[in-house]
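K.L.:
I have a structure I would like to understand better, so I am pasting it below and will then ask my questions one at a time.
The values are calculated or read from the model by the stated rules, or taken from the named source; none is laboratory data. In this text the structure is predicted, and so the values were computed from the model without any measurement. Here the Cβ positions follow ideal geometry from the backbone for every residue, glycine too, while neighbour counts run over all protein chains shown.
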Amino acid sequence: MSLNSLPPVQEVAVPLGERSYSVFVGMGAVAHIHRLLPTSAKRAVVVTQSGIAAIPDLEIPTLTIHIPAGEEHKSLSTIEDLCRQFAQFGLTRNDVVIGVGGGLVTDVAGFAASAYHRGTAVVHVATTLLAMVDAAIGGKTGVNLPEGKNLVGAFWQPSGVICDTNYLDTLPERELRCGWGEVAKYHFLTGDDMLALSVEQRIALCVKIKADIVVADEREGGIRALLNYGHTFGHAIETTTHHQYAHGEAVAIGLLCAAHLAHVLGRIDSARVEHHYNVIQTYGLQASLPSTMSAQEWLEVMARDKKALDGLTFILDGPNGLETVSPVAQESVVEALNRMASKS
């Protein structure tokens, strides 16, 4: 298929020197996948899940592996199983792994690719809104341990990413809400009027914002940590509720927890807290704490967060925008949770 006959897409560059890649956003963008495959690839393994639409024929020998659904399968045992199947298929370092699915698939496929032969190319075809605006972009891969989320992983940049917005038409309402939970985070990173944009434009802007941050701080030593806004609370929600809340739903609640904490610490005023609620409610997301929450249990989980090197650490809003704040006293966290509970 010639380039002129392909559907038009927005191309967002992630300029990382020799590891630079493109993200294609738009209706029918998956037709561009051939443009992202390494020229050295003689075989491909597609990692996906049942019920996800197939990608176009790659014209090279291809093995498709379906991994089980469910956060419990985002595990080291899944990585071992994938790598063994890669080996049995004869996949080499010069070939390619293609993750087709949501954030769980792109995290797992990316980590397996990073480990196999100490680094095999990976291309992501994001099929959920959450994956399009977050998980598939930036090269962070990882799996969970019983002790917490994403505690084992690697930084491994993809060779390219596809965000085909046609996939959104078939997403369940809850999956869309999960994605909007991550999109909500971007409202506080730049201040752009994202609600005035079309869905496609909004996705492309989120990709560009994340790409700019990744380029400035690829390995999360500084500014990239801002992308975790709401995530410390969100991960605690996911862990302590045994994943009854999907990631984006938990992050949305986490953004409100973080706003209350910033207010407790005198970093923002009550009007700014209300702005957080307005954004979350505009996307139809839950704006109250889980009914089963335990502050002590949350504190234990947050203490194990990978950012908590010098005590409890949070990304918080403030007069200069989002910043990393550490250490934060447990009493302040409990007060923030109490204020949010009283507002519900």
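K.L.:
Over 30 Å from Trp180 (Cα atoms), in contact (Cβ under 8 Å) with a residue 40 or more places away in the chain and of a type in the set (Val, Ile, Thr) - does that describe any residue in the stretch 22-34? Spell out how you get there, then give the answer.
P.N.:
If we filter the stretch 22-34 for residues that are over 30 Å from Trp180 (Cα atoms), which is where we start, we get none.
Checked the stretch 22-34: no residue is over 30 Å from Trp180 (Cα atoms), in contact (Cβ under 8 Å) with a residue 40 or more places away in the chain and of a type in the set (Val, Ile, Thr).
K.L.:
Step by step: first the residues of the stretch 305-334, then only those that are among the acidic types (Asp, Glu), modelled with pLDDT of 90 or more and under 25 Å from the mean Cα position of the chain (by Cα), then the one that is farthest from Ser270 (Cα to Cα). Which residue is that? Steps first, please.
P.N.:
If we filter the stretch 305-334 for residues that are among the acidic types (Asp, Glu), which is where we start, we get 305, 310, 317, 323, 331.
Next, from what is left, pick out any that are modelled with pLDDT of 90 or more: 317, 323, 331.
Pick out the ones that are also under 25 Å from the mean Cα position of the chain (by Cα) and you get 317, 323.
On the way: Asp317: 12, Glu323: 18 Å.
That would be Glu323.
K.L.:
Just to check your reading of the model, which residue among Leu337, Leu285, Leu299, Leu255 is part of a helix (DSSP H, G or I) and under 19 Å from the mean Cα position of the chain (by Cα)? First the steps, then the outcome.
P.N.:
Numbers: Leu337 fails: under 19 Å from the mean Cα position of the chain (by Cα); Leu285 fails: part of a helix (DSSP H, G or I); Leu299 fails: under 19 Å from the mean Cα position of the chain (by Cα).
Matching residue, one of Leu337, Leu285, Leu299, Leu255: Leu255.
K.L.:
So, one more: For the structure I just gave you, tell me whether Glu249 is surrounded by fewer than 18 Cβ atoms within 10 Å (Cβ to Cβ), among the charged types (D, E, K, R), in the same structural domain as Arg339 (by TED's automatic domain parsing) and over 14 Å from Thr313 (Cβ atoms). Even if it seems obvious, please write down each step before you answer.
P.N.:
Numbers: surrounded by fewer than 18 Cβ atoms within 10 Å (Cβ to Cβ): no; among the charged types (D, E, K, R): yes; in the same structural domain as Arg339 (by TED's automatic domain parsing): yes; over 14 Å from Thr313 (Cβ atoms): yes.
When the stated conditions are applied, Glu249 does not pass them.
K.L.:
For the stretch 54-88, name all the residues that are of a type in the set (Ser, Thr, Tyr), under 17 Å from Ile98 (Cβ atoms) and in contact (Cβ under 8 Å) with a residue 24 or more places away in the chain. Step through it out loud before you land on a result.
P.N.:
Within the stretch 54-88, the first condition is being of a type in the set (Ser, Thr, Tyr), and the residues that meet it are 62, 64, 75, 77-78.
From what is left, the residues that are under 17 Å from Ile98 (Cβ atoms) are 62, 64, 78.
Passing the criteria: only Thr78.
K.L.:
Same structure again: Tell me whether the stretch 42-49 contains one or more residues that are part of a loop (DSSP other than H, G, I, E, B), touching an Asp or Glu at 6+ places or on another chain (Cβ under 8 Å) and within 23 Å of Gly138 (Cβ to Cβ).
P.N.:
Our first condition is that a residue be part of a loop (DSSP other than H, G, I, E, B); within the stretch 42-49, this holds for 42-43, 49.
If we keep only those that are touching an Asp or Glu at 6+ places or on another chain (Cβ under 8 Å) as well, we get 42-43.
Narrowing the set further to residues that are within 23 Å of Gly138 (Cβ to Cβ) leaves none.
Looking through the stretch 42-49, none of the residues is part of a loop (DSSP other than H, G, I, E, B), touching an Asp or Glu at 6+ places or on another chain (Cβ under 8 Å) and within 23 Å of Gly138 (Cβ to Cβ).
K.L.:
For the stretch 214-252, which positions are in a helix (DSSP H, G or I), over 19 Å from Leu299 (Cβ atoms), more than 14 Å from the chain's Cα centre (by Cα) and in contact (Cβ under 8 Å) with a residue 40 or more places away in the chain? Before you say what the answer is, go through the steps one by one.
P.N.:
Looking only at the stretch 214-252, we keep the residues that are in a helix (DSSP H, G or I), and these are 214-216, 223-228, 231-240, 247-252.
Next, from what is left, pick out any that are over 19 Å from Leu299 (Cβ atoms): 214-216, 223-227, 247-249, 252.
After this cut, where a residue has to be more than 14 Å from the chain's Cα centre (by Cα) as well, the list is 215-216, 223.
Selection gives Val215 alone.
K.L.:
Name every residue in the stretch 171-186 that is more than 12 Å from Thr282 (Cα to Cα) and touching a residue at least 24 places away in the same chain (Cβ under 8 Å), in order of residue number. Explain how you work it out, then say what you get.
P.N.:
Narrowing the stretch 171-186 to residues more than 12 Å from Thr282 (Cα to Cα): 171-176, 178-179, 182, 185-186.
Listed by number, the residues that qualify are Leu171, Arg174, Glu175, Leu176, Cys178, Gly179, Glu182, Lys185, Tyr186.
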